[in-house]
């Protein structure tokens, strides 16, 4: 099949999930075109592996404002609709695969007009995650749009989209249960987990300079985006004084960047932790295995909220794949995977004392070895990308075999 993936709001690459899905589809003989937002300085047409990349340029000021006004009031984006419709005919597209909720409605309109199915790939509980990325200082028109676009309105839009899409992909069982509870038929939802592709990830070379940097230290690492308080990084920083009482050579290594970094830095200074908490900054994906490999223990300290209770990050499976014991919060998906596999310890979400006690328990090298080994076995077994990708490919085999049923956004 000729598949057009839509990735609005950001350029590509990188995007871990999109990359894995695109590689899997191309390896199975499908042709993939990825449509994404253009970043300044990148060409509007390009290649990534076997995939064609089409970047959508930002329009001039007035058309951009008009497109935005139409989208935020109707969930339909005229510029993207026109471009994607042209691609459907020019590239003989057989299916639209939309990453994240915002552009699903636009894809459904194009799919209906062109007579092709739409796959909605819902990475997050998008109506809820919007709460954690609101910018406080915004222009007046953004504030007005914010008043119109309530969480309730986004939930209603998500429900309509999930009903109308021909197939829905989610990342964990808990996300599927949430949509089923909202009335979406279970049979149209497929769980394609954020597991890691061992054949790719484990082949990335390790950087000896990174590996040797903290020799002799008990390194507790978090690798990823410092996107909001729901990441739980404040809890991790506040746990460090208690950890240091029992493990004096402990170091908290925060690899990444994001809007709450200044808050984290202020807490570090306030608690005199400058010598034991290190901020590395954003790193290319190719260096991620090196930072995991140098770690003693790896963290997923997410706060509990409707978003984190229905998703799971790639980093958990990356940690496990490289044999590192993990300390995760009690969010349902994290707890389920870690307790099932024996790959680490669970602490009470938002409780820095509980996090510290879990890390301190892992002072025991035999326990670390046991849990790291169990996690790696699970990441190579049940929780590996090969199995997840088979479910993705199965969705497209079903679409190829079943006549289009004409789902409607207004249903």
Taking alpha-carbon centroids only, the stretch 342-394 lies from the stretch 60-103 a number of Å equal to 40 Å
Among beta bridges assigned by DSSP with both residues in the chain, the antiparallel ones amount in percent, to the nearest 5, to 10 percent
Highest GNM mean-square fluctuation among 268, 300, 326, for the chain with Cα springs under 10 Å, belongs to 268
Cα extents of the stretch 198-383 along the principal axes, largest first, in whole Å, come to 44, 39, 32
Protection proxy (average C-beta count within 10 Å per residue), highest first, orders 350-356, 187-193 as 350-356, 187-193
Helix 365-380: inclination vs the chain longest Cα principal axis, degrees, rounded to 10, gives 20 degrees
Of the convex hull drawn through the C-alpha atoms of the stretch 330-379, the volume per residue in Å³ is 55 Å³
Length gained, residue 387-residue 348, 0.36 nm per residue minus C-alpha separation, equals 11.0 nm
If R0 = 25 Å, then residue 150 and residue 66, at their Cβ-Cβ distance, give a FRET efficiency to the nearest 0.05 of 0.65
From fewest to most C-beta neighbours within 10 Å, the residues 26, 36 line up as 26, 36
Neighbour-count ranking for 324, 65, 238 (other C-beta within 10 angstrom, fewest to most) reads 65, 238, 324
Most fluctuating of 186, 349, 401 in the GNM of the chain (C-alpha, under 10 Å) is 401
Here, residue 82 and residue 397, labelled 7 Å along Cα→Cβ, have an inter-label distance in nm of 4.1 nm
Per its Cα gyration tensor (rounded if a/c is under 1.5, else prolate when a/b beats b/c, else oblate), the stretch 143-206 is best filed as oblate
Neighbour-count ranking for 33, 170, 269, 98 (other C-beta within 10 angstrom, fewest to most) reads 269, 33, 170, 98
Here FRET efficiency (C-beta to C-beta, residue 38 to residue 89, R₀ 30 Å, nearest 0.05) is 0.90
Rounded to the nearest 10, the angle in degrees between the Cα long axis of helix 16-27 and the longest principal axis of the Cα atoms of the chain comes to 60 degrees
Scoring the stretch 198-383 by relative contact order with C-alpha pairs under 8 Å, at least six apart, yields a percentage of 24 percent
For the stretch 11-118, percent of DSSP beta bridges that are antiparallel (nearest 5) comes out at 40 percent
Taking Cα atoms, the helix 104-114 axis meets the longest principal axis of the chain at an angle in degrees (rounded to 10) of 30 degrees
In terms of the alpha carbon gyration tensor, root eigenvalues a ≥ b ≥ c, rounded if a/c is under 1.5 and otherwise prolate when a/b exceeds b/c or oblate, the chain is prolate
Rounded to the nearest 500, the 222 nm mean residue ellipticity computed for the chain from DSSP H runs (n ≥ 4, each -39500 (n - 2.57)) alone is -13500 deg cm²/dmol
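Any read-out appearing in this document is the output of simple, stated calculations on the displayed coordinates, not a laboratory observation. These figures come from a predicted structure and were not determined experimentally. All Cβ positions, glycine included, derive from the backbone under ideal geometry; neighbour counts span all protein chains shown.
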